[in-house]
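Here the structure comes first, spelled out in structure tokens, and everything after it is commentary.
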Amino acid sequence: MNNQRDRIIIFDTTLRDGEQSPGATLNVDEKLTIALALARLGVDVIEAGFPYASPGDFEAVQKIAEAVGTEGGSTICGLSRATEQDIKTAAEALKPAANKRIHTFLATSDIHLAYKLKKTRQEVLDIVPEMVAYAKSLVDDVEFSPEDAGRSDPEFLYQVLERAIAAGATTVNIPDTVGYLTPSEFGLLIKGIKDNVPNIDKAIISVHGHNDLGLAVANFLEAVKNGARQLECTINGIGERAGNAALEELVMALHVRRQYFNTFLGRPADSTEPLTNIKTKEIYRTSRLVSNLTGMMVQPNKAIVGANAFAHESGIHQDGVLKNKLTYEIMDAESIGLTNNQIVLGKLSGRNAFRTRLKELGFDLSETDLNKAFLRFKDVADKKKEITDWDLEAIVNDEINAAPELFRLELVQVSCGDNARPTATVALRTPDGKELMDAAIGTGPVDAVYKAINRVVNIPNELIEFSVKSVTAGIDAMGEVTIRLRHEGRIYSGHAANTDIIVASARAYISALNRLYAALQQKDVKDETPQTASV
Ligand code: KIV
Ligand code: ZN
């Protein structure tokens, strides 16, 4: 392998670094759903988790390795610190995958060495080849990351990388862990590595970077120009603190400006060959899925996938676009899968039409899930005349991908209005099967519903974010509610869609409470096991 490849490898870390976003915790089924979507998107390497971190992480990586890591598909990767136990656990979880990669890391900056690792440079120079060689004895494909490379002494970095490659690393990943570098500095760092690591032609240079200064994508593009051939990114740019470089922005920058980037990859300038394997038409759908499941909302002005990314407000712009799209648009909304929201089904549509359209949209549901989704579709179609692709997607995401229903909403009823005291009654089925009912008065109907739910569930929490938006246009549109709540410093999210926004609000809240409840149960298990670690 050499690093002069003329294609960019897309390494997605939504399920590992992305899941480190506060409140973005996903359960195993949700991780599997996202992994399947990433495979469909055409991601080359899926970093599925950090198997040693917790039994839940181990299970998720193993299930993804089994279900998504099939022959000819994406490589499944597991993160590990540079320790035997971590590496062994990662190899174990990855076993079912046809193509598997262990990604091991150790910090190289003096700050991390002195304060976090309490190790000397010599110790790092000894540990890295030993652990890379150990990983190599378990899998063929080994990636090594010198954490905080962006703030490491370049001369020391070159030595560490040379040893990692000599010990068998086939990818060396250069993280700007704290999002500190500027584009030209990052470019120069990659150039320095290419010029000064003697065996660098035996490995792919990868980059990983955080968005603390909003520079991650720009940094990566400069890295590509200087020889990086793998980009580590996340859907919607989620991740630790300000997040990671956003996959959709990198891919579309390389796609829209491929003629600019072609020459840096040794291609003819006018080549129209795609620079990545990503099926760009899957971008929008994957973005919505990740946003719904993680509860991490996409800001309206977010590049590529924000609600306003293809909207033209000013009269001058609208006039120009009507005359010729090229006046104000550099890419077509359809290229990321934003269709014209066609009306596809109605209340008379049968199960076959429903199944066929879902298949066309890429949802391959089991018979049980299809039945559940179909019942929900019929219910929505009774209230809403025309069901669009976005509605179908919201129904499936809501019905099939929801967090486990430990508490289940059986009834919600509100009374509110001008000069009235908003009052709500709720009935919930508890995890042990009892039906409990309670009522409360609030400042508004949603507040009353949440207070009534709290009286039943009785887990103290603080609601920190509540947002409602419509799935489609129209007075009968479904409303999507996303909420985030905090309990003992941790954030939990919930999401639900319904034609009645009070019902959606209640279900979103219960979905977040279910995550919180599940975490409390897991915490009891975790407290008994020493197998916990964090990056
Ligand atoms: O930001 C970072 O340095 C990381 C490493 C584990 C690659 O996430
Ligand atoms: Zn990171």
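Return the distance in nm (one decimal) between the two label points of a simple spin-label model at LYS347 and ALA311, each offset 7 Å from Cα along Cα→Cβ.
Here the modelled spin labels are 3.0 nm apart.
In Å, the Kirkwood hydrodynamic radius of region 408-523 over pairs of distinct alpha carbons?
Evaluated over region 408-523, this radius sits at 14.5 Å.
According to the square roots a ≥ b ≥ c of the eigenvalues of the Cα gyration tensor, what is the shape class of region 137-275, taking rounded for a/c under 1.5, prolate for a/b larger than b/c otherwise, and oblate for the remainder? Walk me through the numbers before you get to the answer.
Numbers: a/c = 1.59, a/b = 1.22, b/c = 1.31.
Here region 137-275 falls in the oblate category.
Taking Cα atoms, how many degrees apart are the long axis of helix 84-94 and the longest axis of the chain, rounded to 10 and kept between 0 and 90?
It is inclined by approximately 60 degrees.
Nearest 5 percent is fine: what portion of the DSSP beta bridges confined to the chain is antiparallel? Mind dumping the intermediate values first?
Working: 34 of 69 bridges.
In the chain, approximately 50 percent of DSSP beta bridges are antiparallel ones.
Over region 1-147, what per residue volume does the convex hull of the Cα atoms give, in whole Å³?
Values: hull volume 18.7 nm³, N = 147.
Here the figure is 127 Å³ per residue.
Keeping all protein chains in the complex and leaving out DNA, RNA and ligands, what accessible area do you get for ARG40 with a 1.4 Å probe, in Å² to the nearest 10?
80 Å²
Would you please classify the overall shape of region 9-294 from the alpha carbon gyration tensor, given that a ≥ b ≥ c denote the square roots of the eigenvalues, rounded means a/c under 1.5, and beyond that prolate means a/b larger than b/c while oblate covers the rest? Working shown, then result.
Details: a/c = 1.44, a/b = 1.06, b/c = 1.36.
Because its axes are fairly even, with a/c under 1.5, region 9-294 counts as rounded.
Per the 1.4 Å probe, what fraction of the accessible area of region 383-479, in percent, lies on carbon and sulfur atoms?
Details: 2440 of 4990 Å².
About 49 percent, which is the carbon plus sulfur part of the accessible surface.
In the neighborhood of PHE156, defined by Cβ-to-Cβ distances under 15 Å, what is the net charge if each Lys or Arg adds +1 and each Asp or Glu adds -1? All intermediate terms of the calculation are to be shown ahead of the outcome.
Numbers: positive: LYS119, ARG121, ARG151, ARG163; negative: ASP110, GLU123, ASP126, GLU147, ASP148, ASP153, GLU155, GLU162.
Taking every Cβ under 15 Å from that of PHE156, the sum is -4.
Rolling a 1.4 Å sphere over the protein heavy atoms, what is the accessible area per residue of region 408-523, to the nearest Å²? Could the numbers behind the result be given before it?
Working: 5560 Å² over 116 residues.
Roughly 48 Å² per residue, with all protein chains present.
What's the extension gain from ASP212 to ARG241 if we count 0.36 nm per residue and subtract their Cα-Cα distance? Walk me through the numbers on the way to the answer.
Working: separation 29, 0.36 × 29 = 10.44 nm, distance 0.73 nm.
Length gained, ASP212 through ARG241: 9.7 nm.
Return the Cα extents of region 351-400 along principal axes one, two and three, sorted largest first, each rounded to a whole Å.
Sorted from largest, the Cα extents of region 351-400 read 26, 20, 19 Å.
As a test of reading the structure, rank CYS416, CYS77 by solvent-accessible area (1.4 Å probe, protein chains only), most first.
Details: CYS416 70, CYS77 0 Å².
If we order CYS416, CYS77 from most to least accessible, we get CYS416, CYS77.
Points 7 angstrom from Cα along the Cβ direction at ASP379 and SER137: gap in nanometres?
5.6 nm
Give LYS281/LYS372; LYS95/LYS194; LYS359/LYS384; LYS323/LYS359; LYS63/LYS88; LYS302/LYS325 a once-over and call out the pairs whose C-alpha atoms are over 24 Å from each other.
Values: LYS281/LYS372 27 Å; LYS95/LYS194 33 Å; LYS359/LYS384 22 Å; LYS323/LYS359 36 Å; LYS63/LYS88 17 Å; LYS302/LYS325 20 Å.
Beyond 24 Å between Cα atoms: LYS281/LYS372; LYS95/LYS194; LYS323/LYS359.
Using Cα centres only, tell me the gap between region 142-209 and region 1-46 in whole Å.
So the separation of the two Cα centres works out to 21 Å.
Going by average Cβ density within 10 Å per residue, which order do the peptides 166-174, 257-265 take, highest to lowest?
On the way: 166-174: 22.4, 257-265: 15.8.
Most protected by this proxy first, the peptides run 166-174, 257-265.
Hey, any idea what the orientation-averaged projected area of the convex hull of region 274-344's Cα atoms comes to, in nm²? Don't skip to the end; give the middle numbers.
Numbers: hull surface 25.9 nm².
Spelled out: convex hull of the Cα atoms, projected over all directions, averaged, 6.5 nm².
Using a basic spin-label model with each label point 7 Å from the Cα along Cα→Cβ, how many nm lie between ILE459 and ASP332?
4.7 nm
With equal scatterers on the alpha carbons only and no solvent term, can you work out the Debye log10 of I(q)/I(0) for the chain at 0.06, 0.07, 0.12 1/Å?
Listed by q, the Debye log ratios stand at -0.31, -0.43, -1.17.
For a test of the definition: using alpha carbon positions, the gyration tensor, and the 1.5 limit on a/c, classify region 1-66 as rounded, prolate or oblate. Each step should come with its number before you reach the end.
Details: a/c = 1.97, a/b = 1.90, b/c = 1.04.
Cα axes put region 1-66 in the prolate bin.
The values are calculated or read from the model by the stated rules, or taken from the named source; none is laboratory data. Being a predicted model, the structure only gives us computed values, none of them experimental. Cβ coordinates were reconstructed from backbone atoms using ideal geometry, including for glycine residues, and neighbour counts include every protein chain displayed. Quick note on the areas: whole protein, heavy atoms, side chains included, nothing else; ligands and nucleic acids left out. Shrake-Rupley method; radii C 1.70, N 1.55, O 1.52, S 1.80 Å.
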